[in-house]
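The next block holds one structure in the form of structure tokens; read it before the comments.
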Amino acid sequence: MSLQLYNTLTRRKEPFEPIEPGRVRMYCCGVTVYDHCHLGHARSYIVWDTLRRFLQWRGYDVRYVQNFTDIDDKILNRAKNEGVSMEAIADRYTETYFEDMARLNIREADAYPRATHTLNGIQRLIAELEAKGVAYAAGGDVYFAVRKFADYGKLSGRKLDDLQAGASGRTDDETTKKQDPFDFALWKGAKPDEPAWESPWGPGRPGWHIECSAMVRQELGESIDIHVGGGDLIFPHHENEIAQSEAATGHSLARFWLHNGMVNVGGEKMSKSLGNFTTIRALLDAPEGPHPMALRLFVLQGHYRKPMDFTGEAIEAAKNAWNTLKEGLLFEGLEDFNGAPTYDPTALDRFRAAMDDDLNTPEALAVLFELAKELRREKNLRVHEGQFSQDAAAIAQQWRTLVHLADVLGLVATAETPTETPAGPSDAEIEALIAQRTAARKAKNFAESDRIRDELKAQGIVLIDRPGETAWHRE
């Protein structure tokens, strides 16, 4: 089966084939560096890091580029409030971005272009659009004439007649300068007491959308394989990127457009106004906060295109799930086995089939959990009966397969990785209840047997009855 990815542009899953065989050019819209990264950033960058890892695992040579927006009203406002420069704010939160991503085991991009370092390319692109008659200068600003790009709306499915004026975002009193209310700013004339750069249209700074078009072109070329970002960027940001880039070059900007679903907190959209806004470091550094790998696991337990709801219960479940994987990843007892390293081909095939189906990480994780639970079973047999049920070569193969596939998902455990304190009963308490249930079943006291099963299920413990034994795992 070939890799199938859901393309927002065509609204269907399609076989992925790069423009250049064996090579993938991939661009991810990055953060505006005015504050610490939040849970929405965690989800987005974990997902796209996982896609990149999987593409590399599949044998592609991937060039991955992610930008920093370091010119923005939010940055300027924070700088004014703190009495420091825009550069100081941008540098501070660029540094904290890298700190947060490192904790989540997100690999660094191959390039991190910044808006302030791409001004020549931005101005060159604006000039080309002006020369082609799809952009116009007005009072120190430059606007893109949306109605002159026939395909406008093809990504979002929106039609101009249905849109409200002011959709460009990040602009203030520009309405009277526009030829059409739907036009959006490519260059914004300087305002008093704000940083500005010289340009053919006078001093000013770039609009938000133009920077990504210029950075894609500078770092990856006129057409790329995959453009990714959060679902909130489909309109207007990505729609405007397409308009700018394709109007200038005459070529498709990206073959595939992928977007991750939004993040809710307790069933409500995460926002500062609702008081449910949480940064990555606030969550991880909280006294009962999850280990970074538990947070990464939590994100991957949901399909990337669906909305994700952060709740205390969900995070506790992710802690328990990480304990299970960690126990398997740190499996001991193979010190006497020196056979050649091999992987379980069935597990590899199942993992690949899941990931080939539009990055189905929940199904891929099921393969990992099966391996981890089998290793835990073998560990328990070694502890209680003094021996494994399989030979060391077979167990070593399972362990190596687990470590190998976990790395594709960015899940790594070390001996120093703390074990999360599981919610609910301890392992010993669970085993004791299972023993009581086994005795009840032998005595044909099925009401008691069912009571114990239901009691454990209510605490997130799933029992699996097998011939001669009962296995269990935490949900």
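Key figures
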read-out: Qualifying residue in region 455-464 (condition: of a type in the set (D, E, K, R), at pLDDT 80 or above and either out of contact with any strand residue (DSSP E or B) (no Cβ under 6 Å at 6 or more places or on another chain) or surrounded by fewer than 16 Cβ atoms within 10 Å (Cβ to Cβ) (or both)); value: yes
read-out: Selection within region 355-378 - open to solvent by 10 Å² or more (accessible area, probe 1.4 Å) and either in a strand (DSSP E or B) or modelled with pLDDT of 95 or more (or both); value: ASP357, ASN360, PRO362, GLU363, ALA366, PHE369, GLU370, LEU371
read-out: ARG170 being at pLDDT 95 or above and open to solvent by 50 Å² or more (accessible area, probe 1.4 Å); value: no
read-out: Scan of region 61-86 for residues that are open to solvent by 10 Å² or more (accessible area, probe 1.4 Å) and of a type in the set (S, T, N, Q), ordered by number; value: ASN77, ASN81, SER85
read-out: Which numbered condition SER44 fails, given (1) of a type outside the set (A, V, I, L, M); (2) surrounded by fewer than 22 Cβ atoms within 10 Å (Cβ to Cβ); (3) under 30 Å from ALA79 (Cβ atoms); value: (2)
read-out: Given (1) modelled with pLDDT under 85; (2) under 20 Å from LYS379 (Cβ atoms), index of the condition ALA423 fails; value: (2)
read-out: Residues (hydrophobic (A, V, I, L, M, F, W, C), part of a loop (DSSP other than H, G, I, E, B) and open to solvent by less than 40 Å² (accessible area, probe 1.4 Å)) located in region 182-197; value: PHE182
read-out: Pairs, first without any contact (Cβ under 8 Å) to a residue 12 or more places away in the chain in region 453-465, second open to solvent by less than 40 Å² (accessible area, probe 1.4 Å) and among the small types (Gly, Ala, Ser), C-beta under 6 Å, six or more apart; value: ILE464/ALA471
read-out: Count of residues meeting criterion [without any contact (Cβ under 8 Å) to a residue 60 or more places away in the chain and over 29 Å from ASN240 (Cα atoms)] in region 254-273; value: 2
read-out: Some residue of region 203-211 being within 19 Å of TYR64 (Cα to Cα), open to solvent by less than 30 Å² (accessible area, probe 1.4 Å) and in contact with a helix residue (DSSP H, G or I) (Cβ under 9 Å, 6 or more places away or on another chain); value: yes
read-out: Unique match (being touching a Leu at 6+ places or on another chain (Cβ under 6 Å) and open to solvent by 20 Å² or more (accessible area, probe 1.4 Å)) among ARG11, ARG25; value: ARG25
read-out: Test: residue in region 192-205 that is among the hydrophobic types (A, V, I, L, M, F, W, C) and at pLDDT below 95; value: no
read-out: Residue list for region 128-162, restricted to those being more than 29 Å from LYS191 (Cα to Cα) and in a loop (DSSP other than H, G, I, E, B); value: PHE149, ALA150, ASP151, TYR152, GLY153, LYS154, LEU155, SER156, GLY157, ARG158, LYS159
read-out: Within region 228-333, strands (runs of 3 or more DSSP E) holding 3 or more residues that are touching a Leu at 6+ places or on another chain (Cβ under 8 Å) and modelled with pLDDT of 95 or more; value: 254-260
read-out: Among (1) open to solvent by 30 Å² or more (accessible area, probe 1.4 Å); (2) out of contact with any Leu (no Cβ under 7 Å at 6 or more places or on another chain); (3) at pLDDT below 90 - the single one PHE388 does not satisfy; value: (2)
read-out: Cβ-Cβ under 7 Å pairs, at least 6 apart or on other chains, region 277-290 side touching a residue at least 24 places away in the same chain (Cβ under 8 Å), far side of a type in the set (Asp, Glu) and outside any loop (DSSP other than H, G, I, E, B); value: ILE280/ASP100; ARG281/ASP100
read-out: Yes/no for LYS188 being modelled with pLDDT of 90 or more, within 27 Å of TYR27 (Cα to Cα), of a type in the set (Lys, Arg) and within 31 Å of the chain's Cα centre (by Cα); value: no
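So that you can scan it fast, the table gives a plain yes or no per residue for (1) surrounded by fewer than 18 Cβ atoms within 10 Å (Cβ to Cβ); (2) among the acidic types (Asp, Glu):
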| residue | (1), (2) |
| --- | --- |
| ILE89 | no, no |
| ARG92 | yes, no |
| TYR97 | no, no |
| ALA115 | no, no |
| ASN120 | yes, no |
| GLU128 | yes, yes |
| VAL134 | no, no |
| GLY140 | yes, no |
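The values are calculated or read from the model by the stated rules, or taken from the named source; none is laboratory data. Please read all numbers here as calculations on a predicted model, not as lab measurements. Using ideal geometry, Cβ is built from the backbone for each residue, glycine included, and neighbour counts are taken over all protein chains shown. Keep in mind that these areas ignore ligands, DNA and RNA; they rest on the heavy atoms of the full protein, side chains included. Shrake-Rupley method; radii C 1.70, N 1.55, O 1.52, S 1.80 Å.
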